[in-house]
Structure formats: structure tokens, C-alpha cells
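The values are calculated or read from the model by the stated rules, or taken from the named source; none is laboratory data. All figures in this text were calculated on a predicted structure; none of them were measured in a lab. When we count neighbours, we look across all protein chains shown, and the Cβ atoms used for this are built from the backbone with ideal geometry, even at glycine.
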Amino acid sequence: MEMDGNYTYPAIIDNSGQGFVNITFPDFDGVCTCVPEGEDYITAAQDILTLAVLDLEENDEEMPVQMRTDGITVGENQKLIYINVWMPYHRSQVKVLYRKKTLTIPVWIDELAKANHINFSATLVEAVKEKLSLK
């Protein structure tokens, strides 16, 4: 079970000597990545796991059971390791694209908001998320 945004899942590291290290997550269908041999495959594994967890979170889908080993087979030139992601940190690393919007508000609200140091962009994002029932 997820505790404080920590997720730990098994990953199969396949170093078959083809110049790349392949990384797959048995608990996530189709979630895999590869890096050139000698490169940091742990960070690459964390990146792809972060995206898989974000996808499940955004779609309100259940997370797979963590730390399991049953039913996982490891072949020649492969090893089983556990990859951990702490989502508060990894969410901060995901680039969010923004789009500029122009809006019109009453002058008196504009003046009160400025006097109270209200960030219009942040407030608009909060309001739209609330309207859409997003976290």
C-alpha cells in the first residue's frame, strides 16, 4: 500500500549485451524503457515508473500491489531490482505546459485582488480544478 507518496515496484533489468539495458515493470503492462549500457538505468526506471503511477492516479485506477515477487521470472542476463519513487518529488520534476489566457474581471475585484497580493493565474487554475473536481 502507498505510504506518503512512496511507491516501490519490481523491475527486471535486462543486460543482454546489445548495447542497451532494457527495463520492464511486470506490474505495469507495456511500461518499459531502455538506456545505453553504462548509463544510469535507475533514474530512467524511476522516470518511467513515475509516468506510469501518474497515469494511474490521473485515471483514478488502482495501483498494483507493491513489493511482490510471486510470478516474476528472471532470465539469463537479467536481474530483479526494486525501484522506488517518492511522488511529491517526482511530480515536481514533471514539466507542466501552460497556455496563456486573457480574462476580463470587474475593476473593483482587480483592485482588491492586487491590494491583497492575489496571484490571478494560480487562483484561476485553483478555481478551474475545483470546477472540474480535480485534485
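For this structure, a couple of remarks:
- Residue within the range 64-87 that is part of a helix (DSSP H, G or I) and among the polar types (S, T, N, Q) present: no
- Among the residues of the range 9-43, those identified as under 18 Å from the mean Cα position of the chain (by Cα) and not in a loop (DSSP other than H, G, I, E, B) are 9, 10, 11, 23, 24, 32, 33, 34, 41, 42, 43.
Here is a yes/no grid of residues against (1) at pLDDT 90 or above; (2) touching a helix residue (DSSP H, G or I) at 6+ places or on another chain (Cβ under 9 Å):
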{"position": "4", "(1), (2)": "no, yes"}
{"position": "14", "(1), (2)": "yes, no"}
{"position": "38", "(1), (2)": "no, no"}
{"position": "45", "(1), (2)": "yes, no"}
{"position": "65", "(1), (2)": "no, no"}
{"position": "68", "(1), (2)": "no, no"}
{"position": "80", "(1), (2)": "yes, no"}
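- A single member of 105, 83 is of a type outside the set (Lys, Arg) and surrounded by 12 or more Cβ atoms within 10 Å (Cβ to Cβ), and it is 83.
- The lone exception for residue 54 - which of (1) part of a loop (DSSP other than H, G, I, E, B); (2) surrounded by 12 or more Cβ atoms within 10 Å (Cβ to Cβ); (3) at pLDDT below 90 it fails: (1)
- Of all residues in the range 88-125, those satisfying the criterion of being among the hydroxyl-bearing types (Ser, Thr, Tyr) and not in a loop (DSSP other than H, G, I, E, B) are 89, 92, 121, 123.
- Top-ranked residue in the range 57-73 [being hydrophobic (A, V, I, L, M, F, W, C) and exposed (fewer than 13 other Cβ atoms within 10 Å of the Cβ); ranked as nearest to residue 15 (Cα to Cα)]: 72
- Out of 62, 39, 111, sole residue that is in the same structural domain as residue 128 (by TED's automatic domain parsing) and among the charged types (D, E, K, R): 111
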